[in-house]
Amino acid sequence: MLKSTFNLGGIHPPENKKYSEGKKIEDISLPEQISINLNQHIGKKAKAVVEKKQEISVGDILGEADGFISALVHSPVSGTVKKIEQKMTAAGMVESTLTIDVNIEKTTEDSKKYETKKEVDIDQTSKEDLLKMIQNAGIVGQGGATFPMHVKLSPPPDKKVDTLILNGAECEPYLTADHQLMLENADAILLGVRIIQKISNVTQIFIGIEENKPDAIKLFEERISAAGMENCKVSPLKTKYPQGGEKQLINAITGREVPSGKLPFDVGVLVQNVGTIFAVYEAVFYEKPFIDRITTITGFVKKPGNFRIRMGTPFAHAIEDGAGGFIDEERVRSVVNGGPMMGKSIRQLDVSVMKGTSGIVALSDHEFVYSEEGPCIRCGRCIDICPMGLMPVTLADDTIIKNGAELLDSLDCIECGSCSYVCPTSRKLVHWIKIGKSVYRTWKQKEESYKTDQ
Amino acid sequence: MNDIMNGWEEIVITAISLSGIAFLAGIALYYAAKVFAVEEDPMVEEINDILPGANCGACGVPGCMSFAEKVVKTKDMSLYCPVGGQELSDDIADLMGLEAIEQDKMVARVMCQGGHSSTRTGEYRGIKTCGAVSTIHQYDLTCPYGCFGYGDCVTSCDFDAIHIVNGVALVDEEKCTACDACVVECPVNIIEMQPYDKTVFIACKSIDAGGAVKKYCDVGCTGCKKCVKACEHEAIHFDSFLATILPDKCTNCNDCVDKCDTDTIVITKDGIAQIKDKLVENAEVNV
């Protein structure tokens, strides 16, 4: 069978999934202190509704959604709020952060309420109720962009969505969390798909899985035929980075192309990560808010694996307790929040797991080779491999010499990191383009403030 | 022979007709220049000649020519060119036949002297500009308020008045023209405009509590309030663990400087901020 893939560019970085592949999902013990920041999603940050020294228990709301594109933040533990302060998050930005002293016994006790499955008949429950459940659970997209789920599920009325694509590609090297989740919870994910199908009335469903996960492809084909879901199909995809990018996935499976500056629902497609779907399943059947997620801890650690990890757990605790610590602390060069291609290196280990943390990757001096930025030799490799069909070298140069509106083009970049990866002189192309984007956005904001002033 | 004559005729006809057109066009242009002439005050040109020509925009209008036009149009002597300073204001007032208004000379001051005496949490290996750092991590030092020291202000300065010395920006106040370029450029907003003749300032912006500041910086303001008590002129304002000197009330008595245990209070001498002695001794201008 011909495997589908996107039509432009793409790279083949070493996968290195062998470290954590096939490792059962384990729980990480509770840390003594967690810190939760209130901006874990795209859009407006949540508003704190708890005070210092307040007693809280698992599932209590810590931050309320402030506006439509915003999400609730729940407490993953029981304990006491110790302080509310400005602190650097794993994403590198300074946000107001709640530090909570964990009452370990009470947390274990309180968490039991999420273990009994409720009887829910999806066909009998109304669309609005299901959407409300998802909104109340504070679910955001787990692929990395952290877009609030309830917003994604309620597109503007003039946009008709007919296709749901389940993103199980997991093209980032090292990460295996989604793969393991698919293997262990195939039926749950299919139930989650039915919930989404009910809400958004899609007529066809595709499950995109890269061909380096043959066991997952086989399992899903079996489970789908067992569940008798006729409009649901597994589409095996070529192993190529960035196959799991939203726009690439749509192009690979449906052949449609998302226009510049538009969103997937403009071409009638809804893309959801398998982790997100699993969270939806838990929210509906267990009434469980989005307080933990499946994350891969891998790389230069003693016991790499896939872990169910509570939000707010400090990276240091997760690495120490779950993965058995670094192999040799002296040789660790970088710890990445997310995958190695798109993730960000963190600065200190006391930052905590956020809703978007799909992996914690420790890179040793062997894997992390740094070289100074050299001059462009005009080889054009970045142009060949750009999955968006852009010219990264030109966009990067634009950032240096241009200003304001002239940088509009850089907004098309999906920051997948392929160009920086292939550049023979190690130019930091994605970083330059990111700067260009921020310059453009600052200009745009200023421009709009002038307009409102007048 | 006939052919040659014909050639001459053609040349003569062409020459006459073209001169005719030129003459007519000349008359048309003469009248056009009369009818559509734009009245221009010769004063604008004169003032533009004595302006520095830096086109830096520090005066608040786009360039030197616009400044000259605005001065002539509004006859407002409070318009001030920071590059030319008081001298230039006097000259413009002479030309315009008006009275000059006294203005304080302002200079940019970097409210941080952390640099190499402050700790860093990680090793940043990306593009070496402050703007690039701030797109990835909101701050570079452990101190969230400190100067990164990658020198975006140095590149923004048209007057060679700011340099990175020991990991922190340092202003040469003799050269500084208060054009605001570095203030706009700085992503952590660590540079402020202050009057030149007030030679004492507190070089810290950290609003963290004393204990936290001590952990990450040798020269940060810990909020001990000793300077507030020492000041007889009530010129030191204290808010959220940070003291700031109010230039309006300061008398340059330097009473507070000796009282500061962390050497956070800085005196400027000969136009250079005398930051912590040991730093200045082996100061290296690495621009």
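Out of the residues in the stretch B:124-135 that are within 14 Å of residue A:372 (Cβ to Cβ) and more than 7 Å from chain A (Cβ to nearest Cβ), state the one that is surrounded by the most Cβ atoms within 10 Å (Cβ to Cβ). Explain how you work it out, then say what you get.
Our first condition is that a residue be within 14 Å of residue A:372 (Cβ to Cβ); within the stretch B:124-135, this holds for B:124-128.
Right, trim to more than 7 Å from chain A (Cβ to nearest Cβ) and you get B:124, B:128.
Values: B:124: 17, B:128: 14.
Only one residue tops the list, namely B:124.
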Being crowded, with 22+ Cβ neighbours inside 10 Å and in a loop (DSSP other than H, G, I, E, B), is that true of even one residue in the stretch A:245-268? yes
Quick one: how many residues across the stretch B:84-123 are of a type in the set (Val, Ile, Thr), surrounded by fewer than 20 Cβ atoms within 10 Å (Cβ to Cβ) and closer than 21 Å to residue B:64 by Cβ? 1
Residues of the stretch A:342-364 being in a loop (DSSP other than H, G, I, E, B), farther than 13 Å from residue A:39 by Cα and among the small types (Gly, Ala, Ser), which ones? A:343, A:358
Any chance the stretch A:399-409 includes a residue that's surrounded by 13 or more Cβ atoms within 10 Å (Cβ to Cβ), closer than 18 Å to residue A:341 by Cβ, more than 14 Å from chain B (Cβ to nearest Cβ) and at pLDDT below 95? no
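Looking only at residues that are touching a residue at least 60 places away in the same chain (Cβ under 8 Å) and in a loop (DSSP other than H, G, I, E, B) in the stretch A:367-387, which one is surrounded by the fewest Cβ atoms within 10 Å (Cβ to Cβ)?
First, the residues of the stretch A:367-387 that are touching a residue at least 60 places away in the same chain (Cβ under 8 Å): A:367, A:384-387.
Now narrow it down to the ones that are in a loop (DSSP other than H, G, I, E, B): A:367, A:386-387.
Working: A:367: 17, A:386: 25, A:387: 23.
Out of the qualifying residues, it is A:367.
What residue, among those in the stretch B:95-123 that are β-branched (Val, Ile, Thr) and more than 10 Å from chain A (Cβ to nearest Cβ), is nearest to residue A:344 (Cα to Cα)?
Going through the stretch B:95-123, the residues β-branched (Val, Ile, Thr) turn out to be B:101, B:107, B:110, B:119, B:121.
Right, trim to more than 10 Å from chain A (Cβ to nearest Cβ) and you get B:101, B:107, B:110, B:119.
Numbers: B:101: 54, B:107: 38, B:110: 30, B:119: 21 Å.
Checking each candidate, the answer is B:119.
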Could you list all residues from the stretch A:325-365 that are surrounded by fewer than 19 Cβ atoms within 10 Å (Cβ to Cβ) and free of Cβ contacts under 8 Å to residues at least 24 places away in the same chain? A:329, A:330
Residues within the stretch A:56-91 that are closer than 14 Å to residue A:33 by Cα and not in a loop (DSSP other than H, G, I, E, B), tallied: 7
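Is there a residue being part of a helix (DSSP H, G or I) and modelled with pLDDT of 85 or more anywhere in the stretch B:97-111? Outline the logic, then answer.
Of the stretch B:97-111, the ones part of a helix (DSSP H, G or I) are none.
Scanning the stretch B:97-111, I find no residue that is part of a helix (DSSP H, G or I) and modelled with pLDDT of 85 or more, so the answer is no.
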Taking the residues in the stretch A:88-123 that are within 14 Å of another protein chain (Cβ to nearest Cβ) and in contact with a Pro (Cβ under 9 Å, 6 or more places away or on another chain) as candidates, determine which candidate is surrounded by the fewest Cβ atoms within 10 Å (Cβ to Cβ). A:94
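Conditions tested, residue by residue: (1) of a type outside the set (Gly, Ala, Ser); (2) more than 30 Å from residue B:179 (Cβ to Cβ); (3) surrounded by 10 or more Cβ atoms within 10 Å (Cβ to Cβ); (4) in contact with a Cys (Cβ under 9 Å, 6 or more places away or on another chain).
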residue: B:17; (1), (2), (3), (4): no, yes, yes, no
residue: B:24; (1), (2), (3), (4): yes, yes, yes, no
residue: B:36; (1), (2), (3), (4): yes, yes, no, no
residue: B:53; (1), (2), (3), (4): no, no, yes, yes
residue: B:57; (1), (2), (3), (4): no, no, yes, yes
residue: B:67; (1), (2), (3), (4): yes, no, yes, yes
residue: B:70; (1), (2), (3), (4): yes, no, yes, yes
residue: B:75; (1), (2), (3), (4): yes, no, yes, no
Failed item in (1) among the hydrophobic types (A, V, I, L, M, F, W, C); (2) under 18 Å from the mean Cα position of the chain (by Cα); (3) under 16 Å from residue A:141 (Cα atoms), with residue A:351 passing the rest: (3)
Among the listed residues B:169, B:212, which satisfies the condition of being without any contact (Cβ under 8 Å) to a residue 60 or more places away in the chain and in a strand (DSSP E or B)? B:169
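Considering only the stretch B:102-134, state which residues are in contact (Cβ under 8 Å) with a residue 40 or more places away in the chain, among the β-branched types (Val, Ile, Thr), in contact with a Phe, Trp or Tyr (Cβ under 9 Å, 6 or more places away or on another chain) and closer than 19 Å to residue B:144 by Cα.
Within the stretch B:102-134, the subset in contact (Cβ under 8 Å) with a residue 40 or more places away in the chain is B:104-119, B:130-131, B:133-134.
If we keep only those that are among the β-branched types (Val, Ile, Thr) as well, we get B:107, B:110, B:119, B:133.
In the following step, the residues that additionally are in contact with a Phe, Trp or Tyr (Cβ under 9 Å, 6 or more places away or on another chain) were identified as B:107, B:119, B:133.
Result: B:119, B:133.
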Could you please let me know if residue B:153 is out of contact with any Phe, Trp or Tyr (no Cβ under 6 Å at 6 or more places or on another chain), away from every other protein chain (no Cβ under 14 Å) and either small (Gly, Ala, Ser) or in a loop (DSSP other than H, G, I, E, B) (or both)? no
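The values are calculated or read from the model by the stated rules, or taken from the named source; none is laboratory data. None of these values were measured; they are calculated from a predicted model. We place every Cβ from the backbone using ideal geometry, glycine too, and count neighbours over all the protein chains shown.
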